[in-house]
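*Asks:* I'd like to ask some things about the structure below.
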Amino acid sequence: MKRNTPLITLLTGAALGIILLVASMLATPAKAPAGYAGAATPTPASAAAVASSPAATASADAQFRADYAGRVKGGIHASVAISIHGTQAIAYACNGSSVEAWLSGTASGGRLALTGKNGAVLTGNYDSRRAFGNVSADGITYAFSVYTVKKPSGLYRATADVRGAKIKAGWIVLPDGTEVGSLESNADSAAPSATAAPPLNVTTGTAQDGNTVLNVVSISGVSGSGF
């Protein structure tokens, strides 16, 4: 029995070594192959960067549709209507008589940039609820903050040729049904004179200017009418 003691000790040590080797292999993670990069987990910051990327912004701009209308600030008897269809925008500012301006331009990234005849300018911001900023027409600057509306509220326009002169009229129909409009009897002249527009019939889409029946077009960013 004593002659077998060294052999037993040797076998016991070898078995213990094997057990320790196996345990070490199980506890050590497999080493990734050289050049391998695992998929990174997006962080909140990286997700926000993707959402605000130029491509995402351009896609949101292209799909945007809205119509806004309301009175300007300061108790002045003037109103403004804005229609946005994608990246295009049309606006009309009017006090119901001599002050009025049609403007067109761009809508992008929540910013409006529109211009019109005789130095008319509209700049501002917009979202799905309201548009706000400043509009200058006939040398007067108005501050506005107007909200989205649904037809029949909104913007309307009519043009006609009468005895060689171009008639151009515009109306803003406010949410309470009030109409604010102006008519240029010679719209192509260098300094067209404007007067209050005749009543607009939103049901028939017409207005009567003396003996002339004006066929009215609805300007709508939602439907794309008038763009």
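*Asks:* Compute the semi-axes of the equivalent ellipsoid of region 124-193, taking the square root of 5 times each eigenvalue of the Cα gyration tensor, and list them largest first in whole Å. Could the numbers behind the result be given before it?
*Replies:* On the way: eigenvalues 148, 56, 17 Å².
Gyration-tensor ellipsoid for region 124-193: 27, 17, 9 Å.
*Asks:* Can I ask one more? Mind ordering 83-92, 202-211, 180-189 by average Cβ neighbours within 10 Å, highest first?
*Replies:* The peptides rank, most packed first, as 83-92, 180-189, 202-211.
*Asks:* Ok, one more. Provide the net charge surrounding S97, with neighbours chosen by a C-beta distance below 12 Å and charges set as Lys +1, Arg +1, Asp -1, Glu -1.
*Replies:* Numbers: positive: none; negative: E100, D138, E184.
Overall, the nearby charge balance is -3.
*Asks:* Which trypsin sites (Lys or Arg not before Pro) in region 144-207 pass both tests, a DSSP loop state and at most 14 other beta-carbon atoms within 10 Å?
*Replies:* Details: sites: K150, R157, R163, K166, K168; in loops: K150, R163.
Answer by residue number: K150, R163.
*Asks:* Which cross-chain or sequence-distant (5 or more) residues have an amide H under 5 Å from the amide H of F64, H modelled 1.01 Å from N in plane?
*Replies:* G86
*Asks:* Give me the percent of the accessible area of region 83-227 that comes from carbon and sulfur atoms, probe 1.4 Å, all protein chains in place.
*Replies:* On the way: 3270 of 6760 Å².
Percent of accessible area from carbon and sulfur atoms in region 83-227: 48.
*Asks:* Among the aspartates and glutamates, select those whose C-alpha is under 17 Å from the C-alpha of K168, and discard any that sit fewer than 8 residues away in the same chain.
*Replies:* Within reach: E100, D138, E179, E184, D188, D209.
The values are calculated or read from the model by the stated rules, or taken from the named source; none is laboratory data. In this text the structure is predicted, and so the values were computed from the model without any measurement. With ideal geometry, Cβ positions are generated from the backbone for all residues, glycine too; neighbour counts draw on all protein chains shown. We work out accessible area using only protein heavy atoms, side chains counted, and drop any ligands, DNA or RNA first. Shrake-Rupley method; radii C 1.70, N 1.55, O 1.52, S 1.80 Å.
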